[in-house]
Amino acid sequence: MNNNQFLMRADEHIELANSQLSETTTQGEVSASLMYAAARFNAWMASTSFESAEAMKEEKEKIIEYFIKEYKIALAENIDNHIENYDFSQNDV
């Protein structure tokens, strides 16, 4: 996998999410939509690997465990990055 292309695709999704923020649409709402879209896409992607619904049903828990594991790794990496590099003084809390 080309890491530059991987990061560019991720940045494009982040740019789209940022463009959806407004006075009436919160970060939480955009985040929920983004997570739901990722889940929908990943369910579709997983379904393309099976010959039948029954075969996919047999592997359902393994599929879920895989995506949870990968999300947890990515989230922990990005939280660590923000702990080290984010300017918390810009927050309005």
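Any read-out appearing in this document is the output of simple, stated calculations on the displayed coordinates, not a laboratory observation. If you're wondering where the values come from, they're calculated on a predicted model, not measured in any experiment. Cβ coordinates were reconstructed from backbone atoms using ideal geometry, including for glycine residues, and neighbour counts include every protein chain displayed.
Just from its helices, what would the mean residue ellipticity at 222 nm be for the chain, if runs of 4 or more DSSP H residues each count -39500 (n - 2.57) and the sum is divided by every residue, rounded to the nearest 500 deg cm²/dmol?
Result for the chain: -27000 deg cm²/dmol, rounded to the nearest 500.
Grab the beta carbon distance between residue 37 and residue 91, set R0 = 22 Å, and tell me the FRET efficiency rounded to 0.05.
My answer for the efficiency is 0.25.
May I ask for the angle, rounded to the nearest 10°, between helix 3-19 and the longest principal axis of the chain, with both axes built from Cα atoms and the value confined to 0 to 90°?
In the chain, helix 3-19 runs at an angle near 70 degrees to the longest axis.
Just in segment 7-93: which GluC sites (Glu not before Pro) are loop by DSSP and have at most 11 other Cβ atoms within 10 Å?
23, 51
Relative to the first principal axis of the alpha-carbon coordinates of the chain, what is the inclination of helix 53-85, with its axis defined by its Cα atoms, in degrees from 0 to 90 and to the nearest 10?
20
Which one of 26, 74, 50 is farthest out on the positive end of the charge dipole of the chain, using unit charges on Cβ (Lys, Arg +1; Asp, Glu -1) and the Cα centre as origin?
50
Which one is right for this structure if mean projected area of the Cα convex hull in nm² is calculated from it: [x] 15.5; [y] 8.3; [z] 6.4?
[y]
Leaving out same-chain residues fewer than 8 places away, which aspartates and glutamates sit with a Cα under 19 Å from that of residue 57?
Qualifying aspartates and glutamates at Cα under 19 Å: 65.
Counting other C-beta atoms within 10 Å, and keeping those with at most 15, which DSSP coil chymotrypsin sites (Phe, Trp or Tyr not before Pro) do you find in segment 16-58?
50
Take the alpha carbon atoms of segment 37-58, find their center, do the same for segment 1-33, and report the distance between the two centers in whole angstrom.
Cα centres, segment 37-58 to segment 1-33: 24 Å.
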